[in-house]
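Here the structure comes first, spelled out in structure tokens, and everything after it is commentary.
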Amino acid sequence: MNARTPLLVGLVIVAAVVSLTYFLTQSSNGKLDKSKSYVLYGDFSDAAGIRWKTRVQVNGLDVGRIEGIEHVRDSDGRLLARVQLRIDRKYDVYENAFLRKVAESLLGDFRLDLDPGTPGHRKLEEGEVIPNVQSTSDLEAIQSELRQVATNVNRVTDSVAKVLAGPEGEGALRQILASVERSVVAVEQTTYAVRETVQSNQALVNQMIADVHRFTNTLSDVSGREGEIRKITGNLAQLTERLNTLAGRLAEGEEGGEITETVKNLRETTENLASATRKIDQGDGTMGRLVNDNELVDSVQETVDGANTLIGSLARLQTQVELRTEYIVPFNGNSPYVDSGVRTSLGLRLIPRPDKYYLLEAVSDVRGDQSRRQISREFRDGRTGELIRSETEDNADTNFRALKFSVQFAKRYYFSTFRFGIIENTGGVGANFHWLNDRLELRVDAFDFTRRVPDQVSELVNPRFRAFFLYEFYDHLFAQAGLDDPFNADLRTWFLGAALRFTDEDLKSILPFAPTP
């Protein structure tokens, strides 16, 4: 036998084996090039159905393979299946990625679907674990629900069997059949009652038709030749003839009794009304002047407009009442001119506009009201009457029970209010400064510019200056503290107190709840 033939056959077989081996290894090789891929992990509580080389897909396209599965324990000590995924480097996976197991067929084949997440989150590096993993597939969830439904159906059938089994179940069935039978009887009785009702209504309809027939016959008799309607029509014709006769007599001037007299009165009244209208139109009398004199009408209109303006201003005028009480303490406890005590004031603000008001105030001061009195004396010779000398004496009187009054005009600019007028019986000026939506206020007053020392009225002292803060700590209630007369050592004091302020609107809301005698 020629040796070449076996040699060729052997070479063909070897080539076929090599080709088949290469094809099988290449077609079944699920590994990715490590230089072009990276490893991530996913922890599954149930890894049934996933194997080595199981595909990992994104949107139905392969992006990786499973390289291995092993057991690990989590931080709670539970045993999990850690799946090693090799992902193509062309695909980035982020921290919000989601990995789930998906059934490919009813035979138990599974794949892994990967949602890589969004670039707004941190990118997972090689070797990290995908945090969001769903271990149960949709098919397994459906099978679990079907098993639960089958269990519930079995429970229901068992319950029905238990209820219907035995003498008690038979009794229950007999009761149900008896109830159905009674229902059928009730339906038959209802049908019979409805039939009777229909029959009775038919008789009633027949009766109504007969009544209508009798009514039409009666109407025909009444409207006939000898009926009542014929008589009424004749009477109306006679009455019309008599009215025509009466109207003819009135037209010919014959006496018509009371009717003729009434017509005369109406004629005279019409003539008088026409005469009065002519006089008014010609401008005679008061009504004529009022209607035809435009100057008089304009004067009346101006008067009415002025009254409306005055009434409108009074209606818009807002009043505000303020009661302040403060306890005064002198800096110099041995001062001969001022003692500690209570100072009280009652003020009334008349506010025609939000940025302007008039202030009327009555003050009871522990210092009292000081007045100056000057006495002049002349000494003359008793015989000749010649002036020998003259003396002038100044005295200062203090009335501790007298009230002091203030009358001021105030104008506001932004957060500042400036005042001037009479302050405690003397000329003065003042200013208010507002903060915190007018809840915090600083008041400054300067007045009594010609004041003198109480026991030395010939000696002037510095004008009186007062400054204090008001803070509204509750609606309408204020706390106050300040200095009084700081530029005169023997008259300098400080004080603390409280104030109550309310408007006429507050009074309107309070008065309905006030007790009545």
- Residue set ASP448, ASP438, ASP381; condition of a type in the set (Asp, Glu), surrounded by 13 or more Cβ atoms within 10 Å (Cβ to Cβ) and either at pLDDT below 95 or in the same structural domain as LEU470 (by TED's automatic domain parsing) (or both); output residue ASP448
- Of the criteria (1) assigned to a loop (DSSP other than H, G, I, E, B); (2) surrounded by 15 or more Cβ atoms within 10 Å (Cβ to Cβ), which one TRP52 fails: (2)
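Residue-by-condition table, conditions (1) at pLDDT 85 or above; (2) in the same structural domain as THR136 (by TED's automatic domain parsing); (3) in contact with a Leu (Cβ under 9 Å, 6 or more places away or on another chain); (4) assigned to a strand (DSSP E or B):
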residue: GLY10; (1), (2), (3), (4): no, no, no, no
residue: VAL18; (1), (2), (3), (4): no, no, no, no
residue: GLU70; (1), (2), (3), (4): yes, yes, no, yes
residue: ASP92; (1), (2), (3), (4): yes, yes, yes, no
- Item | Filtered residues of the stretch 47-77 (kept if within 55 Å of the chain's Cα centre (by Cα) and among the charged types (D, E, K, R)) | ASP74, ASP76
- Query: In the list LEU323, LEU314, which residue meets the criterion of being of a type in the set (A, V, I, L, M) and at pLDDT below 85?
  - Reply: LEU314
- Task: Look at LEU80 and say whether it is modelled with pLDDT under 90 and assigned to a loop (DSSP other than H, G, I, E, B).
- Result: no
- Return a yes/no flag: does the stretch 48-57 have any residue that is in contact (Cβ under 8 Å) with a residue 40 or more places away in the chain, among the small types (Gly, Ala, Ser) and on the phi > 0 side of the Ramachandran plot. yes
- Positions within the stretch 421-453 being assigned to a loop (DSSP other than H, G, I, E, B) and under 15 Å from LEU470 (Cα atoms), in sequence order: LEU436, ASN437, ASP438, ARG439
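The values are calculated or read from the model by the stated rules, or taken from the named source; none is laboratory data. What you are looking at is a predicted structure, and each value in this text was computed from that prediction instead of being measured. Glycine also receives a Cβ, built like all others from the backbone with ideal geometry; neighbour counts cover every protein chain displayed.
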